[in-house]
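Here is the structure we will look at, set down as C-alpha cells.
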Amino acid sequence: MKLHLVAGGAGFVGVNLVRRLLARGDAVAVCDDLSRGRRELLPAETTGRLSFHKVDCSEAEALGKVVSSLDRAVDEVWHMAANSDIPAGVEDPRVDLYRTFLTTVGILEMMRRFSIGCLHFASSSAIYGDLGDLEIHENIGPLEPISYYGAMKLASEAHIRAAVEAFLSRANVFRFPNVIGVPATHGVIIDFVRKLRGMPRRLEVLGNGTQTKAYLHVDELVDAMLHIRSLAGRYCVFNIGPSDAGITVRQIAEMVRDAVSPGAEIVYGGGDRGWVGDVPRFRYSVAKLKAAGWRARLGSADALSRAIHEIVEQER
Ligand SMILES: NC(=O)c1ccc[n+]([C@@H]2O[C@H](COP(=O)([O-])OP(=O)(O)OC[C@H]3O[C@@H](n4cnc5c(N)ncnc54)[C@H](O)[C@@H]3O)[C@@H](O)[C@H]2O)c1
C-alpha cells in the first residue's frame with residue numbers, strides 16, 4: 001500500500017483522483033485550503049486510509065507539519081492545487097502567482113525536506129498560448145501563454161524540471177485539455193446550467209460561440225494519469241486529450257439549452273473569445289500518449305453529453 005499526498009484533493013479533479021487511488025487499495029492524505037474545493041465532496045471514509053488536512057500548499061512549513069503528523073512516509077505527491085478562476089487571475093495576477101505557482105514552490109520545498117522523490121503535476125494546455133491552427137505537440141515552441149494562469153503553469157513546469165535535476169527521482173507533467181464531469185466546481189457547462197436555471201428563457205454566452213476546444217471526461221483523465229504513472233522515465237511530459245479537434249461553444253450552448261430549458265433563446269456576445277486570455281481554438285496532438293499506449297474512448301461530443309447529464313443531476 002502506498003501513501004499519496006494529493007494537493008488540491010478537495011477540488012473537481014482531485015476528488016476523482018482520490019476515489020481512484022483509494023479504490024486501488026492505497027492511502028491518501030488530502031491537502032487543500034478549501035478556497036474552491038469542498039471537504040464533503042470527498043468519500044466518507046471508514047477504512048482509515050483517507051485523511052484530510054486544511055492547509056495552504058504554498059506554505060512549505062505548514063505542509064511539512066502535515067507530513068510530519070502522518071503515521072507513515074509519503075510515497076508520491078499529486079499537485080492538483082491551483083487557481084481555477086481564470087478571470088480572477090486576469091483581474092489580479094497575484095491570484096495565479098500565489099495559487100498556481102507558489103503552491104508548486106511550496107510543495108517542492110516540502111518534498112525536498114522530506115526526501116519525497118515522486119511528483120505528478122496537473123499542467124494545462126494554457127501554457128501553449130494562442131497557436132491558431134498549428135498542431136500542438138509537446139515540444140512545440142516558443143511557448144507564449146496569453147493568460148497569467150498559463151504563465152504560472154509554465155513557470156511551475158520549469159521549476160519542476162529544475163527540481164528533477166536537483167533532487168526528484170520522477171516527475172510527470174500532465175497537460176490537461178478542458179476537463180468535464182462531476183463534481184463540477186467551475187467551467188462552461190455548470191455556468192450555462194446555472195444561468196438557465198436563473199433565467200430559463202435566455203442564455204447569454206460570452207464571445208460569439210465559435211471558440212473550439214477539446215473536452216475530456218474526468219474519468220478518462222484519471223485513467224490517463226494512472227497510465228502515464230505506470231510508464232518508465234524520469235521526467236515525462238504528456239498532452240492528455242481526446243483524439244478529435246474539439247467542439248464549439250455554440251454546440252455546447254445548444255446541448256445544455258436542450259437539456260435544461262428547450263426553446264430558450266441563445267444570445268452571443270462579440271468577439272472570438274470569452275474573456276481576456278481565452279484561447280479561441282487549439283489543435284492538440286495526443287500522438288505521444290497514443291504511442292505510449294493510451295487513447296480516450298470518448299470524443300469531445302460524447303464526453304460533453306455525458307457530463308451535461310451528470311451536471312444537470314448535480315444541480316437539481
Ligand atoms: N478542470 C480543467 O478543465 C483543468 C484544465 C487544465 C488544468 N487543470 C488543472 O487541474 C488541477 C485541478 O483543477 P480542478 O478543475 O479540479 O479545479 P478545482 O478548483 O476544482 O480544484 C483545485 C483545488 O485546489 C485548491 N487550492 C487552491 N489553492 C490552494 C492552496 N494555496 N493550497 C491548497 N489548496 C489550494 C482548491 O481549494 C481546490 O480544491 C488544477 O491544477 C488545474 O489548474 C484543470
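No lab work stands behind these numbers, since they all come straight from the coordinates. For clarity, every value in this text was computed on a predicted model and none was experimentally measured. Cβ coordinates were reconstructed from backbone atoms using ideal geometry, including for glycine residues, and neighbour counts include every protein chain displayed.
Dividing the summed -39500 (n - 2.57) terms of all DSSP H runs of n ≥ 4 by the residue count of the chain sets its mean residue ellipticity at 222 nm at -11000 deg cm²/dmol. Highest-first packing order for the peptide set 121-129, 52-60 is 121-129, 52-60, based on the mean count of other beta carbon atoms within 10 Å.
Packing around the peptides 20-30, 214-224, taken as the average count of other Cβ atoms within 10 Å per residue, puts them in this order, highest first: 214-224, 20-30. The trypsin sites (Lys or Arg not before Pro) of the stretch 68-160 that meet both conditions, a loop assignment by DSSP and at most 12 other Cβ atoms within 10 Å of the site Cβ, are ARG72. Of all lysines in the structure, the ones whose alpha carbon falls short of 21 Å from that of LYS54, not counting any fewer than 8 places away in one chain, are LYS65. When both bridge partners sit in the chain, DSSP labels roughly 5% of those beta bridges antiparallel.
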